[in-house]
């Protein structure tokens with residue numbers, strides 16, 4: 001039986017409503033989605049984590065069931081949104097997971113609101129700025145679905161770089177379901193550009209040594225979107241951080257290997 005869950009509404013500092021789900025019972029874990037992603041992105045992982053943790057996952061502003069505000073967004077603003085979700089859940093502090101852009105937000109949450117973060121999990125993310133290792137131009141274009149005519153076509157292009165090539169070939173039905181979901185629930189106009197503005201201003205390289213909470217860095221070593229060297233940089237810059245590379249896995253490694261991903265997180269948080 002899946003862990004019991006409930007819906008939650010948080011309110012950001014500017015009044016924007018943020019939709020969240022609370023599932024499971026145990027040490028609290030806040031999960032922050034990435035670029036254009038809703039809380040649904042963690043569906044393969046959520047039941048495994050909620051079996052032992054009290055998981056709070058939310059739709060970032062502009063995405064899913066959360067309210068929309070025009071951009072540009074900033075990392076400080078998105079970090080404050082995450083803190084508002086903790087407030088609504090009645091949590092003074094929690095372990096925090098952030099993937100991709102969500103991992104950038106998690107870094108800023110930890111740096112700007114250090115009393116709110118107990119442990120930090122940084123998944124498939126980067127320090128940004130000039131020290132970041134960038135994807136190839138072709139991978140960046142595919143991620144943004146350039147040249148596509150529909151949201152579904154755009155996401156099918158994105159999937160060619162979000163997952164490792166051999167995993168894509170072995171799981172066409174999974175890819176088809178993800179594409180159909182994006183076709184039915186496209187990202188609102190203006191959200192990508194608003195989020196990209198926050199991403200473009202993200203550079204924590206110099207600040208990372210100031211993170212003092214225990215940190216786990218997770219990365220697929222076949223990540224075409226955020227190359228794995230970015231994970232190594234984070235682990236080297238954050239004092240005492242542990243690096244866990246998933247062999248042969250791509251950007252969304254927690255879709256490809258949910259059990260291994262959950263085991264690593266549970267062993268670290270619980």
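Here, each number is a calculation from the coordinates, and none is a lab measurement. In this text, all values refer to a predicted model and were calculated from it rather than measured experimentally. Ideal geometry is used to build each Cβ from the backbone, glycine not excepted, and the neighbour counts take in all protein chains shown.
The table that follows gives values for the structure above.
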item: Binned Cα-Cα distances of region 118-213, short to long, each 10 Å bin given as a whole percent; result: 13, 36, 32, 17, 2
item: Size-normalised alpha-carbon gyration radius of region 139-270, reference 2.2 N^0.38 Å; result: 1.17
item: GNM result for the chain, Cα springs below 10 Å: residue of 248, 71, 15 fluctuating most strongly; result: 15
item: For region 7-79 and region 203-265, distance of Cα centres in Å; result: 20
item: Cα-based radius of gyration of region 224-270 once divided by 2.2 N^0.38 Å, which approximates compact folds; result: 1.19
item: The chain: most fluctuating residue of 242, 177, 52 per GNM, C-alpha cutoff 10 Å; result: 177
item: Residue with peak Gaussian network fluctuation, the chain [Cα springs, cutoff 10 Å], from 149, 119, 39; result: 149
item: Inter-label distance for residue 270 and residue 184, nm, one decimal - labels placed 7 Å from Cα along Cα-to-Cβ; result: 3.0
item: Length added when fully stretched, residue 197-residue 92, from 0.36 nm per residue minus Cα-Cα; result: 34.9 nm
item: Ratio of the Cα radius of gyration of region 180-234 to 2.2 N^0.38 Å, where N counts its residues; result: 1.54
item: Percent RCO, i.e. relative contact order, over the chain, from Cα pairs under 8 Å lying at least 6 residues apart; result: 21
item: Value of [θ]222 nm, deg cm²/dmol, for the chain, DSSP H segments ≥ 4, -39500 (n - 2.57) each, nearest 500; result: -11000 deg cm²/dmol
item: Theoretical gain in end-to-end length, residue 169 to residue 150 [0.36 nm per residue, Cα-Cα removed]; result: 4.6 nm
item: Descending Cα extents along the principal axes, region 7-47, whole Å; result: 31, 24, 15
item: Evaluated over region 1-143, the Cα radius of gyration and Dmax, each in Å; result: 14.8, 47
item: Whole-Å semi-axes of the chain's equivalent ellipsoid (Cα gyration tensor); result: 24, 21, 20
item: Residues in region 125-140 that a label on residue 232 would reach, taking backbone N under 20 Å of a point 7 Å out along Cα→Cβ; result: 125-137
